1. Kindly identify segment 144-201 as rounded, prolate or oblate by the Cα gyration tensor criterion: order the square roots of the eigenvalues as a ≥ b ≥ c, call it rounded if a/c is under 1.5, otherwise compare a/b with b/c, prolate if a/b is larger, else oblate.
2. So what is the relative contact order of segment 123-210, in percent, for Cα pairs below 8 Å that sit 6 or more residues apart?
3. Once you've got the Cα coordinates, tell me which of LYS139/LYS162; LYS47/LYS162; LYS162/LYS182; LYS93/LYS175 are over 28 Å apart.
4. Filter LYS106/LYS208; LYS117/LYS167; LYS186/LYS208 down to the pairs with a C-alpha to C-alpha distance above 18 Å, please.
5. Residue separation times 0.36 nm, minus the C-alpha to C-alpha distance between LYS187 and LYS62: what's the value?
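Laboratory data are not the source of any read-out in this text; all were calculated from the coordinates shown. Keep in mind that what you see is a predicted model, and the values were worked out from it rather than measured.
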Amino acid sequence: VNLINFINNIYIMNLIYYTYFIGADNYIGNGALGLFIPQYPGNNKYKCYFYTNDNNTYKQLKQDNPNDDIDKWIGIYVKYNSNDENEANEYGKFYRACPHLLDELKSSDYTCYVDTKVQGLNEGSIISLIYENFILQNKAMLLRSHNFINNSVLHELSEAIKQNRYKLQQKRYEKYIDNQVKNHGKKTSTESRHLATGFILRNMKHEKVN
């Protein structure tokens, strides 16, 4: 706790949390149950943006209830419609991958992407990670190791195609992997850790991020 207080007193962090839900038209309305709104990850010191094309989710985000975690998210409505779940899934990945292109985020010093399924983040740990890895060492990005996929892209594919949206694109993924191996010298396995993208901490000032 003393370290966190020291960091906060010395460094004024321009940190922004964000998440998104982009759904196909046949999914619109599921947000009425709050299925896509994660626990508010921070305190009132840092802004938290939620990008969505789901009308019900957006309405919940705009509700006036200061004691509710939902109300602490700043809803950003995305004008996007599709009848294709896979297409909507691909479109949504832009928000995960490109915070430097989003008006609300691009001027920040640090961003923390949180998947809607991730709960219980420790803000103190996030501040410590920023201090230790971005301020002291100028690293570009931090991700978590995957909790069960080993160091093989083929293992990742076999797990992914258990979901219908990825199963439908199995041939596409296999073609991509084959091309990377044959034409770009890539390997299907690595000694490095396999990383998950449900939590991404970025140093927005780093040249490799922008």
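1. Oblate, because a/c is 1.5 or more while a/b does not exceed b/c.
2. After rounding, I find 47 percent.
3. On the way: LYS139/LYS162 34 Å; LYS47/LYS162 36 Å; LYS162/LYS182 26 Å; LYS93/LYS175 20 Å.
Those over the limit are LYS139/LYS162; LYS47/LYS162.
4. LYS117/LYS167; LYS186/LYS208
5. Contour length minus the Cα-Cα distance gives 40.3 nm.
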